[in-house]
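Step one of this worksheet: look at the structure below.
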Amino acid sequence: MITPFTEAGTLDVEGARRLAGRLVAEGCDGLVLNGTTGESPTTTDAEKAELIAAVRETVGDGVPLVAGVGTADTRHTIELALAAEKAGADGVLVVTPYYSKPPQEALEAHFRQVADASGLPVMLYDIPGRTGTRIEPETMIRLAGHPRIVAVKDCSYDFLGTQKVLAHTELAYYAGCDEHVLALYAVGAAGCVSTVANVVPGRFAAILDAFDAGDTARATELQLRATPLIEAMMGAGLPGAVTAKALLGELGLPAGPVRAPLLPAGREAADGLLALYEELVSGSRTADPSGRR
């Protein structure tokens, strides 16, 4: 989930409540707060805790809340994990420490220390394109032995390595790249952690539901129909937080500005995103693999 801000740049708590309620009502089984889509590098520790508490109060106890707590500092990450637990989170998302590029032994120690520090289950976040360091499959397999390391948000772009871990562990894998939702689900993933679902949550729920129902042609159709919007939001050079906020703003939903060093999407980009969104929700498409329109 994005973190909405007021036009003055402060945390928009009421907007967050509204967004959380909408996401749950439209098909999200759980919410990830304070991730990078939620601009966690530029929100304060106090804002992070306030957001978790407000969303918990809004959605109740039946909706799992996973809090992003990963930083480049193990001590700070542990502090955020403890604060998230106190604020009402059900689990924590821990990204690979960035910039310092720790070797695998140090990386494993980092994740184990965080997992040992609180009573919450841990979702590892593997995104080497941003952090500079891959959680190697062998490291992931060893970490799966920790009783509280239970899940992975996978943005590794290493489909073979992912399948290797799936084959050797019981880790619950979640596609972190929207274009991989169906592909990863088809080989045993548990679901997805999606940025694009900020604007079309029901579409991603429908992909997984169709696959679960055995209608793989329909699941494929839905994934491919979402591809133009996925590409525009995630592959066109702007961060997902920027494109998601731009499109939510166009739809009249709480979003507000992004925080520096990010800059808002320009008028041309916002218009393009809105056009693709409208095309997707209207159901128009020139062709699909099943032959349906």
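What is segment 1-113's relative contact order, in percent, from Cα pairs under 8 angstrom and six or more apart in sequence? Don't skip to the end; give the middle numbers.
Details: 158 pairs, mean separation 26.3, N = 113.
Over segment 1-113, the number comes to 23 percent.
Rounded to the nearest whole Å², what accessible area per residue is found for the chain with the 1.4 Å probe?
Values: 12780 Å² over 293 residues.
Heavy-atom SASA per residue in the chain reads 44 Å².
Would you rank HIS146, HIS76 by solvent-accessible area, highest first, keeping every protein chain in place and using a 1.4 Å probe? Mind dumping the intermediate values first?
Values: HIS146 20, HIS76 55 Å².
From most exposed to least exposed: HIS76, HIS146.
Looking only at the chain, where both bridge partners belong to it, what percent of the DSSP beta bridges are antiparallel (to the nearest 5)? Display every interim value, and only then the final one.
Values: 1 of 22 bridges.
Here the share of antiparallel DSSP bridges comes out near 5 percent.
Give me a comma-separated list of calculated 3J(HN,Hα) values for segment 250-263, in order, Karplus coefficients 6.51, -1.76, 1.60 applied at θ = phi - 60°, integers in Hz, x for any Gly or Pro.
Values, residue by residue: 5, 8, x, 9, x, 7, x, x, 8, 9, 4, x, 6, 10 Hz.
So what is the relative contact order for segment 34-174, in percent, with contacts set as C-alpha pairs under 8 Å and at least six apart? Can you show the working numbers first?
Working: 236 pairs, mean separation 26.0, N = 141.
18 percent.
Could you tally the net charge around LEU208, taking each other residue with its Cβ under 13 Å from the Cβ of LEU208, Lys/Arg +1 and Asp/Glu -1?
Working: positive: ARG203, ARG218; negative: ASP29, ASP178, ASP209, ASP212, ASP215.
Within the 13 Å Cβ shell, the charges total -3.
Could you derive backbone 3J(HN,Hα) for segment 106-113 from the dihedral phi with the Karplus parameters 6.51, -1.76 and 1.60 (θ = phi - 60°), listing whole Hz in sequence and x where the residue is Gly or Pro?
Here the 3J(HN,Hα) series is 5, 5, 4, 4, 4, 5, 5, 5 Hz.
For ASN34, enumerate residues with amide H under 5 Å from its amide H, sequence gap 5+ or separate chain, H modeled in the peptide plane.
Placed amide hydrogens put GLY68 under 5 Å from ASN34.
For the chain, what's the relative contact order in percent, using C-alpha pairs closer than 8 Å and at least 6 residues apart? If you can, show how the numbers build up before the last one.
Values: 505 pairs, mean separation 46.6, N = 293.
Computed value for the chain: 16 percent relative contact order.
So if I place +1 on the C-beta of Lys and Arg and -1 on the C-beta of Asp and Glu, and nothing else carries charge, what would the dipole magnitude of segment 13-214 be about its Cα centre? I want it in debye, nearest 20. Could the numbers behind the result be given before it?
Numbers: 16 positive and 26 negative charges, 29 e Å.
Roughly 140 debye for segment 13-214.
Choose one of THR227, VAL281, VAL122: the residue whose Cα lies farthest towards the positive end of the charge dipole of the chain (beta-carbon charges +1 Lys, Arg; -1 Asp, Glu; about the Cα centre).
Value computed over the given set: THR227.
Roughly speaking, what is the centre-to-centre gap between segment 211-257 and segment 139-181 when only Cα atoms are used, to the nearest Å?
Each part's Cα centre sits 23 Å from the other's.
Expected output is a single nm value to one decimal: the length gained when fully extending between ALA186 and ASP158, i.e. 0.36 nm times separation in residues minus the C-alpha distance. What is it? Can you show the working numbers first?
Values: separation 28, 0.36 × 28 = 10.08 nm, distance 1.54 nm.
Extending this stretch completely gives an extra 8.5 nm.
Give me the compactness ratio for segment 159-232, meaning the Cα radius of gyration over 2.2 N^0.38 Å.
Details: Rg = 12.1 Å, N = 74, 2.2 N^0.38 = 11.3 Å.
Against the empirical 2.2 N^0.38 Å value, I get 1.07 for segment 159-232.
Going by accessible area, probe 1.4 Å, with all protein chains left in place, what is the ranking of TYR174, TYR277, largest first?
Greatest to least solvent exposure: TYR174, TYR277.
Tally up the carbon and sulfur contribution to the accessible surface of the chain as a whole percent, 1.4 Å probe, everything protein left in place. Let's see the in-between values first.
On the way: 6970 of 12780 Å².
Reported share for carbon and sulfur atoms: 55 percent.
In whole Å, what are the Cα extents of segment 146-293 along the three principal axes, biggest one first?
Extents along the principal axes: 47, 43, 23 Å.
With each pseudo-label sitting 7 Å past Cα toward Cβ, what's the LEU251-GLU179 distance in nm, one decimal?
Distance between label points: 2.2 nm.
In the neighborhood of ALA84, defined by Cβ-to-Cβ distances under 13 Å, what is the net charge if each Lys or Arg adds +1 and each Asp or Glu adds -1? Mind showing how you got there, number by number?
On the way: positive: LYS48, ARG56, LYS86; negative: ASP45, GLU47, GLU50, GLU79, GLU85, ASP90.
Summing Lys and Arg as +1 and Asp and Glu as -1 gives -3.
Once phi is turned into ³J(HN,Hα) by the Karplus curve 6.51 cos²θ - 1.76 cosθ + 1.60 with θ = phi - 60°, what whole-Hz value does each residue of segment 210-217 show in order, with x for glycine and proline?
For segment 210-217, the Karplus-derived couplings read 5, 5, 4, 7, x, 8, 5, 5 Hz, x marking Gly and Pro.
Given R₀ = 30 Å, FRET efficiency for HIS146-ASP45 by Cβ-Cβ distance, to 0.05? Kindly include the intermediate steps, with their values, before the conclusion.
Details: r = 25 Å, r/R0 = 0.83.
Calculated value: 0.75.
Taking each pair of different alpha-carbon atoms in segment 1-134 once, compute 1/r for the pair, average those values, and report the inverse of that mean as the Kirkwood hydrodynamic radius in Å to one decimal. Don't jump to the answer; show the numbers that get you there.
Numbers: mean 1/r = 0.0665 Å⁻¹.
Kirkwood hydrodynamic radius for segment 1-134: 15.0 Å.
The values are calculated or read from the model by the stated rules, or taken from the named source; none is laboratory data. Bear in mind the structure is a predicted one, so any value in this text is a computation, not a measurement. Every residue, glycine as well, gets a Cβ built from its backbone with ideal geometry; the counts of neighbours run over all protein chains shown. The area values use the complete protein model at the heavy-atom level, side chains included, leaving out ligands, DNA and RNA. Shrake-Rupley method; radii C 1.70, N 1.55, O 1.52, S 1.80 Å.
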